[in-house]
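Below is one structure; the comments refer to it alone.
Just so it is clear, none of the values below were taken in a lab; they were calculated from the coordinates. Keep in mind it's a predicted model, so treat the numbers as computed, not measured. Glycine gets a Cβ as well: all are built from the backbone with ideal geometry, and neighbour counts include every protein chain shown.
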Ligand code: 5GP
Ligand code: ZN
């Protein structure tokens with residue numbers, strides 16, 4: 001796990017986070033700057049710089065992100081939600097450790113800005 005990666009530091013407990021779920025593969029925690037009433041990040045514990053770094057060996061964990069993400073959304077009372085994974089600077093990625101945003105609790109416009 002890269003020493004200087006913010007989300008790896010959260011996984012290691014070196015930076016505090018409001019954690020909602022954790023197992024051997026993934027971690028979910030609240031976004032520090034929520035863009036909706038509920039804004040959660042779900043990340044693999046394996047450091048991947050983004051969706052572009054996913055390989056066949058990560059497919060099980062990527063599916064788990066979505067399955068557990070849905071369970072968390074239901075627990076948070078947002079059965080209607082949006083999932084976002086930004087890949088690259090132009091798409092808005094600022095933290096280069098793959099993460100799935102779960103956003104809900106308000107109307108979501110389409111297309112995204
Ligand atoms: P990105 O823009 O890369 O798709 O999303 C990165 C997300 O990480 C942003 O929504 C940002 O608010 C969140 N974030 C950045 N630093 C921290 C932090 O230290 N703790 C938490 N919980 N979220 C963070
Ligand atoms: Zn990392």
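The table below lists the values:
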item	result
Filtered residues of the range 88-113 (kept if farther than 30 Å from residue 12 by Cα and within 14 Å of ligand 1 (Cβ to nearest atom))	112, 113
Some residue of the range 89-101 being more than 15 Å from ligand 2 (Cβ to nearest atom), on the phi < 0 side of the Ramachandran plot, buried (at least 17 other Cβ atoms within 10 Å of the Cβ) and part of a strand (DSSP E or B)	yes
Residues being near ligand 1 (Cβ under 10 Å from one of its atoms) and touching a strand residue (DSSP E or B) at 6+ places or on another chain (Cβ under 6 Å) - total across the range 42-65	1
Residues located in the range 29-63, provided they are free of Cβ contacts under 8 Å to residues at least 40 places away in the same chain, under 14 Å from the mean Cα position of the chain (by Cα) and more than 22 Å from residue 15 (Cα to Cα)	61, 62, 63
Filter result for the condition that a residue is out of contact with any helix residue (DSSP H, G or I) (no Cβ under 8 Å at 6 or more places or on another chain), at negative phi and outside any helix (DSSP H, G or I), over 60, 49, 67	49
The one condition in (1) surrounded by 11 or more Cβ atoms within 10 Å (Cβ to Cβ); (2) within 14 Å of ligand 2 (Cβ to nearest atom); (3) assigned to a loop (DSSP other than H, G, I, E, B) that residue 8 fails to fulfil	(3)
Residue within the range 11-33 that is surrounded by 12 or more Cβ atoms within 10 Å (Cβ to Cβ), away from ligand 1 (no atom under 11 Å from the Cβ) and in a helix (DSSP H, G or I) present	yes
The range 72-87, residues that are within 16 Å of ligand 1 (Cβ to nearest atom), buried (at least 17 other Cβ atoms within 10 Å of the Cβ) and part of a loop (DSSP other than H, G, I, E, B)	76, 86
Cross-chain or 6+ apart pairs with Cβ under 8 Å, the range 4-20 first and more than 22 Å from residue 75 (Cα to Cα) and without any contact (Cβ under 8 Å) to a residue 12 or more places away in the chain, then assigned to a loop (DSSP other than H, G, I, E, B) and more than 8 Å from ligand 1 (Cβ to nearest atom)	12/1
